[in-house]
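The values are calculated or read from the model by the stated rules, or taken from the named source; none is laboratory data. In this text the structure is predicted, and so the values were computed from the model without any measurement. Positions of Cβ are generated from backbone atoms using ideal geometry, with glycine treated the same way; all protein chains shown enter the neighbour counts. For accessibility, only protein heavy atoms count, side chains too; no ligands or nucleic acids. Shrake-Rupley method; radii C 1.70, N 1.55, O 1.52, S 1.80 Å.
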Amino acid sequence: MTEEKRKILIKLFFSTLYISAFTFGGGFVIITFMKKKFVDEYHWLEEEEMLDLAALAQSSPGAIAVNGAILVGWRMGGLTGMITAVIGTIIPPMVLLSVISFFYAAFASNYFITLLLKGMQAGVAAVILDVVCSLGSGIIKNRNIIHIIVMFSAFFAAFVWNINVIYIILVSACVGIFMELWKRKNNHKTNS
């Protein structure tokens, strides 16, 4: 293993450990932190690539945080990068949940813990709104009318019409596949 790859793996481990340790609110929140760390700070990924990874992480079975770590880790260091990122991601929740489960009775009935969790809900909502605005503005900046229509349609389908998210993801994936096939067909005709 080269010195440069070792440095990347160490940075990847501590980055995913840090992100996972200070992220409350699920996968959408962790995607924001990953974007800020891996796109904005380290410049390891482009913003569009991070959008693709976020979409893959969400549409794959399992926790979004772990799926995102798998994809970023694989992109940065192959199999060893993937394992490194996943270990960094799962250590904080494993430790925290072990402690909480051990003291569950005390936590469940504690008034201050309840207040703390209510305050965290507000913070998590703000971070999720930041994710929506950040990723949504990236789609609007691309100026692809189909992507914009899919984004707003998915929002209305989930928020207004309460359509199951699985159906929204499947339809969005089908639109993406159709667009890619259409683009390849047109490129093939142009090159012929």
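What whole-number volume per residue, in cubic angstrom, does the convex hull of the C-alpha atoms of region 113-164 give?
Convex hull volume per residue, Cα atoms: 81 Å³.
I want to verify the translational diffusion coefficient of region 53-132 in µm²/s; compute it with Stokes-Einstein, Rh as the Kirkwood radius over Cα pairs, at 25 °C and 0.890 mPa s.
After rounding, the answer is 166 µm²/s.
So how do Met179, Met1 rank on accessible area, 1.4 Å probe, biggest first, that is with the largest at the start?
Ranking Met179, Met1 by accessible area, largest first, yields Met1, Met179.
In whole Hz, what ³J(HN,Hα) sequence does region 9-20 give by Karplus (6.51, -1.76, 1.60; θ = phi - 60°), x for Gly and Pro?
5, 5, 4, 5, 4, 5, 5, 5, 4, 4, 4, 5
Could you give the dipole magnitude of region 98-189 about its Cα centre, charging the beta-carbon of Lys and Arg +1 and that of Asp and Glu -1, in debye to the nearest 20?
520 debye
Of the chain, which part is the longest with no chymotrypsin sites (Phe, Trp or Tyr not before Pro) in a loop (DSSP not H, G, I, E, B) and with at most 12 other C-beta atoms within 10 angstrom?
Result for the longest clean stretch: 23-102.
Rounded to the nearest 20 debye, what is the charge dipole size of region 12-59 about its Cα centre when +1 sits on each Lys and Arg Cβ and -1 on each Asp and Glu Cβ?
It comes to approximately 300 debye.
For region 138-192, with every protein chain kept in place, what is the accessible area per residue (1.4 Å probe, Å²)?
Per-residue value: 86 Å².
Expressed as a whole number of Å, what is the distance separating the alpha-carbon centroids of region 135-179 and region 1-63?
23 Å
On a 0 to 90° scale, report how tilted helix 145-159 is relative to the longest principal axis of the chain, with both axes built from alpha carbons and the result rounded to the nearest 10.
Helix 145-159 sits at roughly 40 degrees to that axis.
About its Cα centre, how strong a charge dipole does the chain have in debye, to the nearest 20, once Lys and Arg get +1 and Asp and Glu get -1 at the Cβ?
260 debye
Calculate how steeply helix 64-102 sits against the longest principal axis of the alpha-carbon atoms of the chain, using the helix alpha-carbon long axis, and give the answer as 0 to 90 degrees to the nearest 10.
So the helix axis and the longest Cα principal axis differ by about 30 degrees.
Per residue, how large is the accessible surface of region 1-123? Use a 1.4 angstrom probe and give square angstrom.
60 Å²
What's the carbon and sulfur percent of region 38-140's accessible surface, probe 1.4 angstrom, rounded to a whole number?
Ligands and nucleic acids excluded, carbon and sulfur give 73 percent.
Tell me whether region 89-130 comes out rounded, prolate or oblate; compute the Cα gyration tensor, take square roots of the eigenvalues as a ≥ b ≥ c, and use a/c under 1.5 as the rounded threshold.
Oblate.
Just read off the accessible area of Ile10 with the full protein assembly in place, 1.4 Å probe, to the nearest 10 Å².
Around 90 Å² of this residue is reachable by solvent.
Taking amide H atoms as placed 1.01 Å from N in the peptide plane, list the residues 5 or more away in sequence, or in a different chain, whose amide H sits under 5 Å from that of Thr23.
none
Need the list of aspartates and glutamates near Lys7 for cross-linking: C-alpha distance under 17 angstrom, and skip anything on the same chain fewer than eight residues off.
Straight-distance partners of Lys7: Glu41.
Please work out whether region 132-192 counts as rounded, prolate or oblate from its C-alpha gyration tensor, where a ≥ b ≥ c are the square roots of the eigenvalues and a/c under 1.5 means rounded, while otherwise a/b larger than b/c means prolate and anything else oblate?
Verdict is oblate for region 132-192.
Convex hull over the Cα atoms of region 83-178, averaged projected area in nm²?
9.6 nm²
Looking at Phe102, Phe22, Ile113, which one has the Cα that reaches farthest to the positive end of the dipole of region 1-135 (charges on Cβ: Lys, Arg +1; Asp, Glu -1)?
Selected residue: Phe102.
Is region 24-87 rounded, prolate or oblate when judged by the Cα gyration tensor, a ≥ b ≥ c being the square roots of its eigenvalues, rounded requiring a/c under 1.5 and prolate requiring a/b larger than b/c?
Judged from the Cα gyration tensor, region 24-87 comes out rounded (a/c under 1.5).
What's the angle, to the nearest 10 degrees (0 to 90), between helix 47-59's Cα axis and the longest principal axis of the chain?
Long axis of 47-59 versus the principal axis of the chain: about 70 degrees.
Reported to two decimal places, what Rg/Rh ratio describes the chain when computed on Cα atoms with Rh from the Kirkwood expression?
1.03
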